[in-house]
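Asker: What follows is a single structure, and I will ask about it in a moment.
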Number of protein chains: 2
Amino acid sequence: MNVTGHTRRPASIRDVATAAGVSYQTVSRVINGHPSVRPSTRERVLAAIEELGFRRNATALALASGRSRAVTVLTANTTHYGYASILQGIEEAARAASYAVGIGVLESAEDAAVAAEVQRAADASGGIVVIAYDPAGVRALGAVPAGLPVVGVVETPASPPDGDRPWVWTDDREAAYQATSHLLSLGHETVHYVAIPSSTRRTSARTSGWRQALKEAGAPQPRPVQSSWGPAGGHAAALKLAKDRSVTAILCGNDDLALGVLRALHESGRSVPGEVSVAGFDDAPHSAFLTPSLTTVRLDFTGLGRSAFALLHGVLEESAPVAPHPVSVPELVVRESSGPPPADA
Amino acid sequence: MNVTGHTRRPASIRDVATAAGVSYQTVSRVINGHPSVRPSTRERVLAAIEELGFRRNATALALASGRSRAVTVLTANTTHYGYASILQGIEEAARAASYAVGIGVLESAEDAAVAAEVQRAADASGGIVVIAYDPAGVRALGAVPAGLPVVGVVETPASPPDGDRPWVWTDDREAAYQATSHLLSLGHETVHYVAIPSSTRRTSARTSGWRQALKEAGAPQPRPVQSSWGPAGGHAAALKLAKDRSVTAILCGNDDLALGVLRALHESGRSVPGEVSVAGFDDAPHSAFLTPSLTTVRLDFTGLGRSAFALLHGVLEESAPVAPHPVSVPELVVRESSGPPPADA
DNA sequence: GCGCCTTGTGTGACCGGTCACATTCATGCG
DNA sequence: CGCATGAATGTGACCGGTCACACAAGGCGC
């Protein structure tokens, strides 16, 4: 509440111009760092800006210049650890670059709904980041009109994308390979895989990394068990697997799934890691505190979000930190949930 | 990619006007549903809109009218369950009302940093929701300039806020009371409390609900143990509590904390619920799948987020769904982690 | 037949910036 | 000395909408 008691509307460049005794264009030059402004003039303008508490109106800037300094993140979910961490990373990087961040949730994967969300995002911001880990996200990525800057956060693509397709991803294949190899090296005959839904119809990179490790070790290749994203899916899947006494190692598509798997094994009276070993993906914050604590592969989602923004930023401005996305290396974290198979197996 | 091969810029109301043979003002009237437009004219305009694929430019609308149909959510965190769920609720409600949602993360609680974020939020949108569960949030709520529509998602206030202060909250007092009473009714002599950080210096509603239940039961009132938000804090706190054999029941400020507590008790060789009972707050998605599954009090964060938006929406537009925030009733969910105290205690 | 209100439509200014171009003045060079 | 050049600054239009007001045509009362 200021002394006058009523909120007066903020100062515009013309107010500043009048106060400094120059034209509005000169003010514009000062706030944009244009070189040819006499130092003494610049000084007066800056003083006026300070005095009036002038702040450049973002809306007017966007309308006049076309550039909006805002990005929208389209995602099917905001609460899952991976999604939320990516969002956090994007926000961090965006804030550092003075960009505003908007979010749009893809509640349905239905084409019309997705298209509507993409439209909203398109006319609310100058660039879009799509988290395309699921069908809704994949469709959204496809529905972005050509010409609109967009970066996709995707599953590891099957083939390296051609040239400059602005995608970022983690090395899921390597991650799955590491986890599977770890379990095999403990002596397990093979490793079963409870998969998160794939965003596409093709075999996911996680699945293929898992397969490759099995193949190289000459281990049998069981069918992957398709599941959902949350613990309930893992729980249901593992209740079935638990009946098969030959199952001694289970790799889970993410840590939430692994949580459900642990629970199901417990309910089935099978001890972890005594009888069955379990490994997850992501290294979510709670994984280290489970009992048994969860062996998992740490993925840097926050860094992934930052990369996504950096890439988009590079497209939006010619200032060129367009360093090709450094695919961060997944890191195996061995904890209590994995161990050698039982002696009698 | 359209046939012309180059992206032409979107149609404006003047393009539509030309196509329909009317003035731009008439087009404006049509898209705003103004009554006095001859039906035949309206028809032609609508046809032109359809044909040209006209969409109203949100930026221009905001600049010209002052209203922006956008809200910004200020929060210290986007990944914790409660925060993320509130955000999700806000987004849901906002999307339904055709509002855009921006987020701003309060990375530091330092005054200058908070003020800067609030400023950014202020000039990016017409209204703000602040999640004020922590010092950064509380400061942000205080730093919002008078006159700017804002709604706070806060801890249960000590006294009912005066009149129309636009705040929403859950009934933390009742929730703590329920959980504590539940544990006492199982026969525990008293209940220890591991607290999440309070946003203010005053006693939180959770603490006071817990105290009240103890008092009514004539149970001893141990000092609450101050902790952090995540499992690590609960873990550290419980390692100490575990040494005290008289501790048979622990109430935790949230489910993440409870997870750390469960872990610490396990490491200390104290069984749950055999020797110690544990209860949490929030009913996070993983709580049902822990071993033992967690007794907790379910809070409707998503609904809270929706209420927050509804309130803000009511302030921003005179269309009046300003029904006073229905404080949602917390629901005790009894699971495996709570049971009677050991016989020898 | 006149004034008056209502309905339908158009005109000009404005929101707060940017952009393209014009203007002024001092300087360098042939 | 005259003229081209560049630095410093100003003017007008524009981005795509809204708002306040003007204005023409038609219906109604008297």
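Asker: So in the range A:121-132, with the set limited to residues that are in contact with a Gly (Cβ under 7 Å, 6 or more places away or on another chain) and either more than 13 Å from chain B (Cβ to nearest Cβ) or within 25 Å of A:Ser228 (Cα to Cα) (or both), which one is surrounded by the most Cβ atoms within 10 Å (Cβ to Cβ)?
Answerer: A:Val130
Asker: Looking at (1) in a loop (DSSP other than H, G, I, E, B); (2) touching a Pro at 6+ places or on another chain (Cβ under 7 Å); (3) closer than 30 Å to A:Glu275 by Cα, find the lone condition where A:Thr203 falls short.
Answerer: So A:Thr203 meets the others, but not (2).
Each row is one residue, and each column tells you yes or no for (1) closer than 21 Å to A:Ser293 by Cα; (2) without any contact (Cβ under 8 Å) to a residue 60 or more places away in the chain.
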| site | (1), (2) |
| --- | --- |
| A:Tyr177 | yes, yes |
| A:Ile196 | yes, no |
| A:Ser199 | no, no |
| A:Pro220 | no, yes |
| A:Gln226 | no, yes |
| A:Pro231 | yes, yes |
| A:Ala238 | yes, yes |
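Asker: What number goes with the only condition from (1) modelled with pLDDT under 95; (2) near DNA strand C (Cβ under 9 Å from one of its atoms); (3) buried (at least 18 other Cβ atoms within 10 Å of the Cβ) that A:Asn77 does not pass?
Answerer: Result: A:Asn77 passes all but (2).
Asker: Evaluate the following for B:Ala146: is it farther than 30 Å from B:Ala60 by Cα and either part of a loop (DSSP other than H, G, I, E, B) or more than 14 Å from chain A (Cβ to nearest Cβ) (or both)?
Answerer: So B:Ala146 does not fit the description; no.
Asker: Might you check whether a residue that is in a helix (DSSP H, G or I) and free of Cβ contacts under 8 Å to residues at least 24 places away in the same chain occurs anywhere in the range A:151-170?
Answerer: No - not one qualifying residue is present in the range A:151-170.
Asker: Quick one: count up the residues across the range B:178-200 that are assigned to a loop (DSSP other than H, G, I, E, B), of a type in the set (A, V, I, L, M, F, W, C) and out of contact with any helix residue (DSSP H, G or I) (no Cβ under 8 Å at 6 or more places or on another chain).
Answerer: Final tally of qualifying residues: 1.
Asker: Still on this structure: Among the residues of the range B:80-99, which ones are open to solvent by less than 40 Å² (accessible area, probe 1.4 Å) and more than 19 Å from B:Val144 (Cβ to Cβ)?
Answerer: Within the range B:80-99, B:Gly82, B:Ala84, B:Ser85, B:Gly89, B:Glu91, B:Ala93, B:Ala97 meet the criteria.
Asker: Determine whether the range B:109-127 contains at least one residue that is part of a strand (DSSP E or B), modelled with pLDDT of 95 or more and not assigned by TED's automatic domain parsing to the domain that holds B:Ala258.
Answerer: No - not one qualifying residue is present in the range B:109-127.
Asker: Suppose we filter A:Ala237, A:Ala176, A:Ala219, A:Ala205 for residues that are under 28 Å from the mean Cα position of the chain (by Cα) and farther than 19 Å from A:Val153 by Cα; which single one remains?
Answerer: Matching residue, one of A:Ala237, A:Ala176, A:Ala219, A:Ala205: A:Ala237.
Asker: While we're here: In the range B:78-108, what residues are part of a strand (DSSP E or B), in contact with a strand residue (DSSP E or B) (Cβ under 6 Å, 6 or more places away or on another chain) and aliphatic (A, V, I, L, M)?
Answerer: The answer is B:Ala100, B:Val101, B:Ile103.
Asker: Same structure, new question: Take the conditions near DNA strand D (Cβ under 10 Å from one of its atoms) and either without any contact (Cβ under 8 Å) to a residue 12 or more places away in the chain or within 15 Å of A:Thr78 (Cβ to Cβ) (or both) and apply them to B:Leu61. Does it pass?
Answerer: In short, yes.
Asker: Can you name the residue in the range B:29-41 that is crowded, with 17+ Cβ neighbours inside 10 Å and within 7 Å of DNA strand C (Cβ to nearest atom) and is also modelled with the highest pLDDT among such residues?
Answerer: Within the range B:29-41, the match that is modelled with the highest pLDDT is B:Arg29.
Asker: A further question follows. Out of curiosity, is B:Val118 within 16 Å of DNA strand D (Cβ to nearest atom) and surrounded by 17 or more Cβ atoms within 10 Å (Cβ to Cβ)?
Answerer: The answer is no for B:Val118.
Residue by residue, here is whether (1) within 10 Å of DNA strand D (Cβ to nearest atom); (2) among the polar types (S, T, N, Q) holds:
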position	(1), (2)
B:Arg14	yes, no
B:Ala20	no, no
B:Val27	yes, no
B:Val37	no, no
B:Asn57	yes, yes
B:Thr75	no, yes
B:Thr79	no, yes
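Asker: Using the structure shown, decide if B:Val138 is surrounded by 24 or more Cβ atoms within 10 Å (Cβ to Cβ) and either outside the structural domain of B:Gly280 (by TED's automatic domain parsing) or in a strand (DSSP E or B) (or both).
Answerer: Against the criterion (surrounded by 24 or more Cβ atoms within 10 Å (Cβ to Cβ) and either outside the structural domain of B:Gly280 (by TED's automatic domain parsing) or in a strand (DSSP E or B) (or both)), B:Val138 does not qualify.
Asker: Okay, moving on. Please enumerate the residues belonging to the range B:249-301 that are open to solvent by 10 Å² or more (accessible area, probe 1.4 Å), free of Cβ contacts under 8 Å to residues at least 40 places away in the same chain and out of contact with any Leu (no Cβ under 9 Å at 6 or more places or on another chain).
Answerer: Once the filter is applied, which keeps residues that are open to solvent by 10 Å² or more (accessible area, probe 1.4 Å), free of Cβ contacts under 8 Å to residues at least 40 places away in the same chain and out of contact with any Leu (no Cβ under 9 Å at 6 or more places or on another chain), the range B:249-301 yields B:His266, B:Gly269, B:Arg270.
Asker: Please find, within the range B:42-55, the residue that is surrounded by the fewest Cβ atoms within 10 Å (Cβ to Cβ) out of those that are aliphatic (A, V, I, L, M) and more than 13 Å from DNA strand D (Cβ to nearest atom).
Answerer: Among those that are aliphatic (A, V, I, L, M) and more than 13 Å from DNA strand D (Cβ to nearest atom), it is B:Ala47.
Asker: On to the next question. Of everything in the range B:84-115, what is of a type in the set (S, T, N, Q) and over 14 Å from B:Ile131 (Cβ atoms)? Give them in sequence order.
Answerer: B:Ser98, B:Ser108
Asker: Based on what the data block shows, is A:Ala109 among the small types (Gly, Ala, Ser), closer than 30 Å to A:Thr296 by Cβ, more than 12 Å from chain B (Cβ to nearest Cβ) and open to solvent by 30 Å² or more (accessible area, probe 1.4 Å)?
Answerer: Against the criterion (among the small types (Gly, Ala, Ser), closer than 30 Å to A:Thr296 by Cβ, more than 12 Å from chain B (Cβ to nearest Cβ) and open to solvent by 30 Å² or more (accessible area, probe 1.4 Å)), A:Ala109 qualifies.
Asker: Still on this structure: Pull up the range A:33-64, narrow it to residues that are hydroxyl-bearing (Ser, Thr, Tyr) and assigned to a helix (DSSP H, G or I), then point me to the one that is nearest to the chain's Cα centre (by Cα).
Answerer: Ranking the qualifying residues of the range A:33-64, first place goes to A:Thr59.
The values are calculated or read from the model by the stated rules, or taken from the named source; none is laboratory data. As the structure is a prediction and not an experimental result, all values here were calculated from the model. No Cβ is skipped: glycine too gets one built from the backbone with ideal geometry, and neighbour counts run over all protein chains shown. For the accessible areas, the whole protein counts, side chains as well, though only heavy atoms, and no ligand, DNA or RNA atoms are used. Shrake-Rupley method; radii C 1.70, N 1.55, O 1.52, S 1.80 Å.
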